[in-house]
Each structure stands twice: as C-alpha cells, then as structure tokens.
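For reference, the structure discussed in these notes is given below.
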Amino acid sequence: MFDHMFVVTGGPGSGKSSLIDALRCRGIETMPKAGRAIIRDQVQSGGTALPWEDRAMFAELMLTRDLQSWQEASALEGPVMMDRGIADVFGYLTLCGLPIPAHIEAAAKAYRYNRKVFIAPYWDAIFGQDAERKQNQEEAKATGKVMAETYARFGYELVELPQVTVEERADFVMDCLKAE
C-alpha cells in the first residue's frame, strides 16, 4: 500500500480542485483529475469518449489516466494529493448504471491509496456548472453519495471535508496529514 497517496473525491462542484490547488501552493505534491483533461482532449479532437456521448469509453480513458497518475505518484516522496482516484471510475460506472468490467474492479482493488480518503460533500453555495461540468445539482449530490459508498466498499476510511473556506479546508487536510 502506498500510504503517502491521498485521494480527494466527491461530487462535481464540491471544491475538490480548489482545495488541491491550495495544497499545491503549500508545497504538497498533487496529481490532476482525469475527467476535465479527457473532455478537453475529446472536444478538441472531435472524439466521442465524453460523459454525454460514450460513458463507457470515457470511463476507460479515465482509468488509463488514473493508472498513469498512480504510477507517477507512487514514485514521489512525501504526501501526494490525488484529484480523484481509480475507485472513482468504478463509482462513475455505478452512477451511470453501466456494467463494471472486471478489470476496472481489479484495478480499484490492486492500486491502493492511503486508507483515509477525503470526501468533499455536496455544497450548494459553491456548486456551479461550466462547459466541462454539465451535471445538475441532483447529479452532483448523487455522485457524492456514490463515491462515498464506493470508497467504503473498497475498505477506505472516509474523512469528510468541512464546508469552510478553501484555506481552512487546506488547514484541515494539513492537520490530518501531520497525524498520519
């Protein structure tokens, strides 16, 4: 197990990326989330592996990128914050009601992170949509719930992030990292 790699997960628009950016500014190594990069690449290239076109292929591309991030992070020293993790792909397929290929479940079991997973709860005050985040509030809430259930299923301990300023959230995470 790679105890130095920490996942931040939850629904869209719950402040995950802002938190990770704040932690990066404090000197913590970070790994980007796959979803937005895949959407940008697919839109730019005219591809169809998009959450609103081919969700199964979108999941496969997320898995590929998340495995690459895991490999890169595993070679780093000190704590690394992951903007989502491999189990998020399992959760995404569950949310979409799609079959979960055996290799995706196997990857979520084999490529582990620190036992503590930070979950950002749905937060109405900061939720927003944009060109790459098309989910509505109900989908955002459902995604957060599924991600919590998914990580619990894989044996992780969920640490809910408080609904406070980005800097206060970063302080909370830093305190949790010190306790490890």
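Readers should treat all values here as calculations from the given coordinates under stated rules, not as data from a laboratory. Just so you know, these numbers come straight off a predicted model, no measurement behind them. Heads up, the Cβs are rebuilt from the backbone with ideal geometry, glycines too, and the neighbour counts pull from every protein chain shown.
Give the residue that is surrounded by the most Cβ atoms within 10 Å (Cβ to Cβ), with candidates limited to residues of the range 47-57 that are part of a loop (DSSP other than H, G, I, E, B) and touching a residue at least 40 places away in the same chain (Cβ under 8 Å). Among those that are part of a loop (DSSP other than H, G, I, E, B) and touching a residue at least 40 places away in the same chain (Cβ under 8 Å), it is Pro51.
For beta carbons closer than 7 Å, sequence separation of 6+ or different chains, a first residue in the range 6-27 that is on the phi > 0 side of the Ramachandran plot and a second that is hydrophobic (A, V, I, L, M, F, W, C) and not in a helix (DSSP H, G or I), the qualifying pairs are Gly10/Ile119; Gly10/Ala120; Gly13/Ile126; Gly13/Phe127; Gly15/Ala120; Gly15/Trp123; Gly15/Ile126.
In the set (1) part of a loop (DSSP other than H, G, I, E, B); (2) more than 21 Å from Met5 (Cβ to Cβ), the condition left unmet by Gln44 is number (1).
A single entry from Arg36, Arg24, Arg65 fulfils the requirement of being among the basic types (Lys, Arg) and crowded, with 17+ Cβ neighbours inside 10 Å: Arg65.
Considering only residues in the range 161-180 that are assigned to a loop (DSSP other than H, G, I, E, B) and either touching a residue at least 12 places away in the same chain (Cβ under 8 Å) or out of contact with any helix residue (DSSP H, G or I) (no Cβ under 7 Å at 6 or more places or on another chain) (or both), the one that is surrounded by the most Cβ atoms within 10 Å (Cβ to Cβ) turns out to be Leu161. Can you confirm whether the range 84-101 contains a residue that is surrounded by 15 or more Cβ atoms within 10 Å (Cβ to Cβ) and of a type in the set (Phe, Trp, Tyr)? Scanning the range 84-101, I find at least one residue that is surrounded by 15 or more Cβ atoms within 10 Å (Cβ to Cβ) and of a type in the set (Phe, Trp, Tyr), so the answer is yes.
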